[in-house]
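Asks: Can you read through this structure? Questions will come right after.
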């Protein structure tokens, strides 16, 4: 897709997203709820056991991890599986076949356009609140820049993987199952609520092979300055290659799935 | 000799579907063991379409019209047979082909729902790589021909069906496609909207020699827009020729209405049965082979009767098509 198409798709998706203000406000208010619940849990674990550190994480580290995880969630999380699944199941996928675009690229840009309000308004707003009330750790400038770069790859990894889950609707129409399955895989293997350092040691080699840790764990660790600058750059390179592999896989599955498309509904 | 731009030979499409019984027990059964049945949606059809032709695909619901259009646009992969549009295979060479055609599915929309239609036009401009001057020129044409100037800046969700359809139609002409596939483009559109759409399509066809393949259940639209009809039933082609021939071949009777200055006291007229339909108005049914002209001359020459009004009523296309589908005709 050329840059003009990317720009126009991005622009129209952004405008489309801004059409419903109530949705947007509700979204801002719902986001921090999980954070508050898990934060209570952490505070209780540390104070009840009278401990200052678990696996190298202080209470402030753990709460900061959770806070940054909420911010990363705002950046990466979309309804891509159900959007793609629904388009395939109801036949709207046909609309994308007749246009001179690639469905995967178009979907990624479209969803990114819809994400921008979250990224530019919700995330900084929430982070400011978390900083004031929970004294969340703030990265220095080099780590912050690397964190932003890492989040772009997180966005791509999350959405390409969940796009693939949506594509499975070509073979089996129950896309809700794929949505749940994909979400469960990411929540479990990405370090969404818990740093991977807390996982049992036998699981760590598996998590190291899979790309999902790069969705939450890696950018959070960069932001918390748990990685040096050179390690952070290595993480970005590893994220880049994971994106390439997943992207090629998604293109292949899309190609195979297209042949299965039945275009229901007129 | 002019080469066809659409070629279809022995084209077939079958779908595999799971049979599912009604009720809880049957649902449970089909969860464990699924009965698969194969449905032949299109069955070895063949036709060619030349550049600039205006062709209607006519058929009942489920006859295979939309499936054919979806194969021609690369949406569906044909099961068997040959298919070529502008010398390209629509499914295999989709990205090369789809800048050259425009498609409307009356049941779906290309316009973004929550933003003004003009935003979708600009997105298409980028997608189809339309030059600024070409874009402005065509925008001017579609704006005036389709009467959509005031709708383009309104969010699409706030437009009526007819207004939206006109905006959709304008959109697919922005990249000056060589072929347009229109699947039920006038569904739910009022008479004024339909007239605008018809005039626009004829104008575009004349000016740019755009090939039009239309599927519609509205025979008035078919007659107004197309010259040729392909009738599909059960996935097979029943008829493929000029719409005029359809009338010639499938109409087997005509009705003559005559109004006289006073009522007649007879049951027949020059050997034909008279059926009274008003005080001094009668109808006479003629077989297609009978010469109405000669009969009419005899009546007009008869000085004992004064004829005030004459009209000949032909079956309309709707009637002909219905009879074909109901198996009443050859």
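The values are calculated or read from the model by the stated rules, or taken from the named source; none is laboratory data. These figures come from a predicted structure and were not determined experimentally. Don't worry about glycine lacking a Cβ; one is built from the backbone with ideal geometry, like all the others, and counts go over all protein chains shown.
Asks: Only one of (1) surrounded by fewer than 17 Cβ atoms within 10 Å (Cβ to Cβ); (2) touching a strand residue (DSSP E or B) at 6+ places or on another chain (Cβ under 8 Å) fails for residue A:94. Which number is that?
Replies: (1)
Asks: Being assigned to a loop (DSSP other than H, G, I, E, B), over 27 Å from residue B:39 (Cβ atoms) and either more than 8 Å from chain A (Cβ to nearest Cβ) or in contact with a strand residue (DSSP E or B) (Cβ under 9 Å, 6 or more places away or on another chain) (or both): is that true of residue B:76 here?
Replies: No; evaluated as a whole, the condition is false for this residue.
Asks: Inspect region A:154-171 for any residue being closer than 22 Å to residue A:110 by Cα, part of a helix (DSSP H, G or I), within 14 Å of another protein chain (Cβ to nearest Cβ) and in contact with a helix residue (DSSP H, G or I) (Cβ under 6 Å, 6 or more places away or on another chain) and give the result as yes or no.
Replies: yes
Asks: Then there's this: Hey, among the residues in region B:79-125 that are assigned to a strand (DSSP E or B), over 30 Å from residue B:150 (Cβ atoms) and under 23 Å from the mean Cα position of the chain (by Cα), which one's farthest from the other protein chains (Cβ to nearest Cβ)? Working first, answer last.
Replies: Restricting attention to region B:79-125, the residues satisfying the condition of being assigned to a strand (DSSP E or B) are B:80-85, B:88, B:101-105, B:116.
Checking the rest, the ones that are also over 30 Å from residue B:150 (Cβ atoms) come to B:80-85, B:88.
From what's left, under 23 Å from the mean Cα position of the chain (by Cα): B:83-85.
Numbers: B:83: 15, B:84: 17, B:85: 12 Å.
The extreme case among them is B:84.
Asks: Here is a follow-up. Exactly one condition in (1) away from chain A (no Cβ under 14 Å); (2) closer than 16 Å to residue B:179 by Cα; (3) buried (at least 21 other Cβ atoms within 10 Å of the Cβ) is not met by residue B:52; state its number.
Replies: So the condition that residue B:52 fails would be (3).
Asks: May I pose another question? Filter the helices (runs of 4 or more DSSP H) completely within region A:173-266 down to those with at least 1 residues that are surrounded by fewer than 19 Cβ atoms within 10 Å (Cβ to Cβ) and within 14 Å of chain B (Cβ to nearest Cβ).
Replies: Output list reads A:175-189, A:229-258.
Asks: Okay, next question. Within region B:218-280, which strands (runs of 3 or more DSSP E) (wholly inside it) include 2 or more residues that are over 24 Å from the mean Cα position of the chain (by Cα)?
Replies: Once the strands (runs of 3 or more DSSP E) in region B:218-280 are filtered for at least 2 residues that are over 24 Å from the mean Cα position of the chain (by Cα), what remains is B:253-260.
Asks: Taking region B:261-283 only, how many residues are at negative phi and touching a helix residue (DSSP H, G or I) at 6+ places or on another chain (Cβ under 6 Å)?
Replies: Selection size over region B:261-283: 0.
Asks: A further question follows. Going by the conditions given, is residue B:151 away from chain A (no Cβ under 13 Å) and either within 19 Å of residue A:15 (Cα to Cα) or out of contact with any strand residue (DSSP E or B) (no Cβ under 7 Å at 6 or more places or on another chain) (or both)? Show your work before the answer.
Replies: Working: away from chain A (no Cβ under 13 Å): yes; either within 19 Å of residue A:15 (Cα to Cα) or out of contact with any strand residue (DSSP E or B) (no Cβ under 7 Å at 6 or more places or on another chain) (or both): yes.
Yes, satisfied.
Asks: Still on this structure, please answer the following. Test residue A:161 against the criterion of being at pLDDT 90 or above, crowded, with 18+ Cβ neighbours inside 10 Å, over 15 Å from the mean Cα position of the chain (by Cα) and farther than 19 Å from residue A:232 by Cα, and give yes or no.
Replies: Spelling it out, it is not the case that residue A:161 is at pLDDT 90 or above, crowded, with 18+ Cβ neighbours inside 10 Å, over 15 Å from the mean Cα position of the chain (by Cα) and farther than 19 Å from residue A:232 by Cα.
Asks: Tell me the helices (runs of 4 or more DSSP H) entirely within region A:68-124 that contain at least 1 residues that are more than 12 Å from chain B (Cβ to nearest Cβ) and within 25 Å of residue B:126 (Cβ to Cβ).
Replies: Ranges flagged: A:80-90, A:103-117.
Asks: Still on this structure, I have one more. Could you list all residues from region B:66-96 that are farther than 17 Å from residue A:262 by Cα and buried (at least 24 other Cβ atoms within 10 Å of the Cβ)? Before you say what the answer is, go through the steps one by one.
Replies: Of all residues in region B:66-96, those farther than 17 Å from residue A:262 by Cα come to B:81-89, B:93, B:95-96.
Of everything in region B:66-96, just one residue is farther than 17 Å from residue A:262 by Cα and buried (at least 24 other Cβ atoms within 10 Å of the Cβ), namely B:85.
Asks: Right, something else. Of the residues in region B:224-235, how many are surrounded by fewer than 18 Cβ atoms within 10 Å (Cβ to Cβ) and at pLDDT 90 or above?
Replies: Looking only at that region, the number is 2.
Asks: Looking at the structure I just gave you, is residue B:17 in contact (Cβ under 8 Å) with a residue 60 or more places away in the chain and either crowded, with 20+ Cβ neighbours inside 10 Å or out of contact with any helix residue (DSSP H, G or I) (no Cβ under 8 Å at 6 or more places or on another chain) (or both)?
Replies: Values: in contact (Cβ under 8 Å) with a residue 60 or more places away in the chain: no; either crowded, with 20+ Cβ neighbours inside 10 Å or out of contact with any helix residue (DSSP H, G or I) (no Cβ under 8 Å at 6 or more places or on another chain) (or both): yes.
So residue B:17 fails the test.
Asks: Could you identify the single residue in B:258, B:317 that is in contact with a helix residue (DSSP H, G or I) (Cβ under 8 Å, 6 or more places away or on another chain), surrounded by 15 or more Cβ atoms within 10 Å (Cβ to Cβ) and at pLDDT 90 or above?
Replies: B:258
Asks: Another question, then. Return only the number of the condition from (1) under 30 Å from residue B:166 (Cβ atoms); (2) part of a helix (DSSP H, G or I); (3) more than 10 Å from chain A (Cβ to nearest Cβ); (4) out of contact with any strand residue (DSSP E or B) (no Cβ under 7 Å at 6 or more places or on another chain) that residue B:68 does not satisfy.
Replies: (4)
Asks: A further question on this structure: Run residue B:207 past the list (1) within 14 Å of another protein chain (Cβ to nearest Cβ); (2) free of Cβ contacts under 8 Å to residues at least 12 places away in the same chain and report the number of the one that doesn't hold.
Replies: Exception for residue B:207: condition (1).
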